[in-house]
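This report refers to the structure that appears directly beneath it.
The values are calculated or read from the model by the stated rules, or taken from the named source; none is laboratory data. Keep in mind that what you see is a predicted model, and the values were worked out from it rather than measured. Positions of Cβ are backbone-derived with ideal geometry, glycine not excepted, and every protein chain shown enters the neighbour counts. SASA here: full protein model, heavy atoms, side chains in, ligands and nucleic acids out. Shrake-Rupley method; radii C 1.70, N 1.55, O 1.52, S 1.80 Å.
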Amino acid sequence: MLWVMHDHSSSSSRPVLQDSVTVYGVTGLDADGQVPESLIDECQNALARIREILATNGLVPEDITHLAYMIPDSSIFVPCQRIIAEVLGPACPAMTLRVKPHFDVPGQRLEFNFIAIP
């Protein structure tokens, strides 16, 4: 997982962007690195990690401005979409759905990237 904190502050006269947190490669693997048997468990694990990362940076799910969702095929989208909507609550980030046929761990079914801005 790659975690990047951006500080866009500047003393120049150009517009200043807010700080942001960008995280790549959030998976739903179990603590032992194994793929959960259930797709729902894998999705919930990944979203719990996202919440932990956000909290570490003083952020909440509503601060997510972009969520990219990588899956091996479109059949996985619908079962996890409800869980994603519950976690995001009233937030309406831009969402990108990408088909990624192969992941680093055999049997892995999803991965998230996100950008959050306070």
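The single condition among (1) within 16 Å of the chain's Cα centre (by Cα); (2) buried (at least 16 other Cβ atoms within 10 Å of the Cβ); (3) outside any strand (DSSP E or B) that Glu62 does not satisfy is (2). Of the residues in the range 67-78, at least one is of a type in the set (S, T, N, Q) and either touching a His at 6+ places or on another chain (Cβ under 8 Å) or in contact (Cβ under 8 Å) with a residue 24 or more places away in the chain (or both). Checking each residue in the range 90-118 for being open to solvent by less than 80 Å² (accessible area, probe 1.4 Å) and at pLDDT below 90 picks out only Ala91. So which of Ala68, Ala91, Ala46 is assigned to a loop (DSSP other than H, G, I, E, B) and of a type in the set (Gly, Ala, Ser)? Testing whether each residue is assigned to a loop (DSSP other than H, G, I, E, B) and of a type in the set (Gly, Ala, Ser) leaves just Ala91. Taking the numbered list (1) closer than 20 Å to Val21 by Cα; (2) surrounded by 13 or more Cβ atoms within 10 Å (Cβ to Cβ) in turn, Thr56 passes all entries but (2). Annotation: of all residues in the range 10-33 being out of contact with any Leu (no Cβ under 9 Å at 6 or more places or on another chain) and either buried (at least 19 other Cβ atoms within 10 Å of the Cβ) or at pLDDT 80 or above (or both), the one that is nearest to Arg109 (Cα to Cα) is Leu29.
If the condition is being in contact with a strand residue (DSSP E or B) (Cβ under 9 Å, 6 or more places away or on another chain) and open to solvent by less than 30 Å² (accessible area, probe 1.4 Å), then the range 77-86 contributes Cys80, Ile84.
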